Amino acid sequence: MLTFIGLMLLKLSLNILTPRQWSLQQTVAGAYMTYERSYAERIPFENLLAGDSPWPAYPSTSVDTNVEVGRLPGNRPIFASITRTRFPSDNNYPIDGGTGTTATNPAAMNVWKVQSIVTYTIGGRNYAKSRTVLRAQ
């Protein structure tokens, strides 16, 4: 009888830990995406649009593999793949990847959507998070 009660308590404690583990994994990836967002917001516009930009113009992508985004309890690292790209606004001038004209874009605004996607696997399950930052000049 005591063995049965002990096994039930063990199973209940494991059921309680599983949601905490999931929220920890999501928090670690979310913290890394905060870094990606701040990086996209602070990069100078001329570097963002350069040929060697960390965010190449779509359909090209930049992929960094085996990036450590955090650690789980027991000092186990979480490795992820980071995919980056940028999309021009439709209202940009044709030279900037859009179809805008002086009538539709009189201020000559240059607007880009900068996107970062992190994908990682923990416990055989695949996860993905993305952040998109709007940059304008």
Checklist outcome for this item: Within segment 65-82, of all residues that are surrounded by 10 or more Cβ atoms within 10 Å (Cβ to Cβ) and among the polar types (S, T, N, Q), the one modelled with the lowest pLDDT is Thr65
Item to check | Per-region count, segment 85-128, residues modelled with pLDDT of 90 or more, farther than 18 Å from Gly51 by Cα and of a type outside the set (S, T, N, Q) | outcome: 2
Checklist entry - Within segment 75-106, which residues are under 26 Å from the mean Cα position of the chain (by Cα) and polar (S, T, N, Q)? => result Asn75, Ser81, Thr83, Thr85, Ser89, Asn91, Asn92
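The values are calculated or read from the model by the stated rules, or taken from the named source; none is laboratory data. Fair warning: this is a prediction, and the values are worked out from it, not measured in the lab. Cβ atoms come from the backbone with ideal geometry, glycine included; neighbour counts cover every protein chain shown.
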